[in-house]
1. Looking at the stretch 154-171, I want the residues that are within 15 Å of M443 (Cα to Cα) and in contact (Cβ under 8 Å) with a residue 60 or more places away in the chain and have a partner that is of a type in the set (S, T, N, Q) and part of a strand (DSSP E or B) with Cβ atoms under 6 Å, at least 6 apart or on another chain. Which pairs are those?
2. Being on the phi < 0 side of the Ramachandran plot and in contact with a Gly (Cβ under 6 Å, 6 or more places away or on another chain), is that true of even one residue in the stretch 295-315?
3. Report those helices (runs of 4 or more DSSP H) wholly inside the stretch 70-150 carrying at least 1 residues which are buried (at least 17 other Cβ atoms within 10 Å of the Cβ) and within 30 Å of the chain's Cα centre (by Cα).
4. How about the stretch 39-59: which of its residues are surrounded by 10 or more Cβ atoms within 10 Å (Cβ to Cβ), among the aliphatic types (A, V, I, L, M) and in a helix (DSSP H, G or I)?
5. Got at least one residue in the stretch 296-311 being of a type in the set (A, V, I, L, M, F, W, C), closer than 22 Å to E351 by Cβ and in contact (Cβ under 8 Å) with a residue 40 or more places away in the chain?
6. All but one of (1) surrounded by 12 or more Cβ atoms within 10 Å (Cβ to Cβ); (2) modelled with pLDDT of 90 or more hold for L281; which doesn't?
Amino acid sequence: MSSKEVASDLSAIDRLWKLFASVKLTVVLLLTLATTSIIGTLIPQNEAPMAYFETFGAFLYRIFLLLGFFDMSQSWWFRALILLLVVNIVICSIDRLQTTWRTIFVRHPRFNPGRYRQLKNRIEYNHDTEAGQLKARYQPIIARRFRYQRTDETAEGFAIYGERGRWTRLGVYVVHFSVVLLLIGGLIGSIFGFDGFVNIAEGESVGSIQLRNSNQRLPLGFEVRCDDFFVDFYETGAPKEFRSSLTILKQGKAVLQKDIIVNDPLRYEGISFFQSSYGSLPPSEVILNFTSKDTGMLYSKKAALNIPVVLDEDLGTFVLQKHTRQANFRGHNIGEAFIGLLTPSNGSPVEIMLPLRFPSFDRMRKGKVFIAVADFVPRYYTGLQVSRDPGVWVVYAGFILMIIGIYITFFMSHQQVCIDIAGRGGKSRIRVAGISNKNKLGMQKKVAKLCERLTGLAGDE
């Protein structure tokens with residue numbers, strides 16, 4: 001390779017480096033991510049395909065599907081934007097870290113007393129003590145208050161220099177690193193994690209889940225069993241609380257058991273099972289009371305869904321068809337009920353509604369037999385949201401670092417003070433000034449308090 005080719009390659013690398021070290025690129029990427037996030041709020045995420053098809057039509061549906069607008073966090077271009085932002089932040093930080101690093105870790109910082117003499121916020125006062133004595137009195141004060149202290153001789157006397165908080169200049173880089181961790185954690189979760197759901201009936205177990213927005217089922221590598229499900233209702237019929245008792249089975253052996261409620265999931269091998277929903281299942285067995293109108297006799301019989309029950313006294317047959325949590329009668333909600341079909345021996349089939357809240361409801365029909373539900377054991381299935389996010393701990397670490405970095409950046413500063421002592425015969429003129437990379441007003445107050453301490457120590461007038 002010729003020297004011109006090497007120079008050309010280096011020039012291309014330099015241009016690429018300058019591009020990613022540009023703050024303008026950061027602004028462009030942030031604006032792009034903000035714009036795409038707005039799109040994600042306008043277009044509902046992770047809905048059923050048919051819902052999108054009905055809302056946007058066939059043409060827009062295909063375009064939005066191709067662009068990944070229905071699940072933007074999983075789209076390749078959204079991940080690419082995040083990755084570009086990570087590279088941009090890292091290179092920007094590295095590009096500017098060199099100067100900051102030299103400032104922080106310099107052993108013998110440059111000290112120019114003339115710089116402090118020109119500051120507008122300096123405080124000056126006179127004292128009837130020669131410069132050498134004041135130097136001996138002031139040095140211990142600066143040594144106690146500042147991490148770095150030194151004294152230089154000047155043409156007129158002495159200059160005492162104090163400095164602390166150099167390392168606080170790294171606060172902004174801690175914030176940068178925290179943002180990088182947040183973005184990387186999100187990418188890890190997006191690429192290597194998953195989100196799905198599963199319904200488990202009481203007493204049953206499953207070994208796979210349905211991935212969201214996909215027809216694919218994902219094996220878990222273990223089984224989840226629903227041992228019990230409990231739901232408590234308000235008087236209106238709305239659910240008050242629902243809870244699932246789950247057991248993790250590994251190779252047929254129970255390894256973990258926990259009762260979960262909303263916002264209190266079960267976690268196993270990095271997978272979280274959240275209580276999401278529930279539903280009713282047809283009861284395995286129902287006890288029905290049949291009362292003959294003519295004889296007044298009451299017969300109790302067991303019934304199962306879709307299995308005919310032969311009635312006594314040649315009253316016909318009855319088939320229990322379904323169970324519903326909310327039945328409607330003439331536009332009114334009458335609550336939980338069973339629906340069945342009564343076929344008299346010499347008549348047409350009649351649909352029977354058996355609400356649990358109104359045991360004598362069927363008497364309004366004025367048939368030859370009155371039917372009521374005597375007892376049954378309700379059955380439910382639990383609906384679980386299942387997710388795995390291997391990047392969540394990276395995100396948590398990013399949040400912790402961000403809090404630390406923001407505190408350092410906004411509440412701590414790099415501070416420098418100079419006490420310039422100029423001797424004039426047996427007297428001295430003292431100038432006190434300080435600078436800070438942040439909170440200039442706060443630094444002025446600290447200089448004023450330092451002067452109060454110095455003047456009080458020396459007994460100045």
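The values are calculated or read from the model by the stated rules, or taken from the named source; none is laboratory data. This is a predicted model, so every value here is computed, not measured. Cβ placement follows ideal geometry from the backbone for every residue including glycine, while neighbour counts extend to all protein chains displayed.
1. Sorted first by the residue in the stretch 154-171, then by its partner, the pairs are G162/Q149; E163/Q416; R164/Q415; G165/Q415.
2. Just the residues of the stretch 295-315 that are on the phi < 0 side of the Ramachandran plot, to begin with: 295, 297-305, 307-312, 315.
Filter again for in contact with a Gly (Cβ under 6 Å, 6 or more places away or on another chain), leaving none.
No, the stretch 295-315 contains no residue that is on the phi < 0 side of the Ramachandran plot and in contact with a Gly (Cβ under 6 Å, 6 or more places away or on another chain).
3. On the way: elements: 76-105, 113-117, 131-145.
Counting at least 1 such residues, we get 76-105.
4. I39, A51
5. Taking the stretch 296-311 first, the residues of a type in the set (A, V, I, L, M, F, W, C) are 297-298, 303-305, 307, 309-311.
Add one more test, that the residue is closer than 22 Å to E351 by Cβ, and what stays is 303-305, 307, 309-311.
This time we only want the ones that are in contact (Cβ under 8 Å) with a residue 40 or more places away in the chain, so: 311.
There is at least one residue in the stretch 296-311 that is of a type in the set (A, V, I, L, M, F, W, C), closer than 22 Å to E351 by Cβ and in contact (Cβ under 8 Å) with a residue 40 or more places away in the chain.
6. (2)
Okay, residues lined up against (1) small (G, A, S); (2) closer than 24 Å to R102 by Cα; (3) touching a helix residue (DSSP H, G or I) at 6+ places or on another chain (Cβ under 9 Å):
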residue	(1), (2), (3)
L181	no, no, yes
G186	yes, no, yes
G193	yes, no, yes
A201	yes, no, no
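Rundown of residues vs (1) outside the structural domain of R365 (by TED's automatic domain parsing); (2) in a strand (DSSP E or B); (3) at pLDDT below 90, yes/no style:
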| position | (1), (2), (3) |
| --- | --- |
| S190 | yes, no, yes |
| I200 | yes, yes, no |
| V206 | yes, yes, no |
| S276 | yes, yes, yes |
| D294 | no, no, yes |
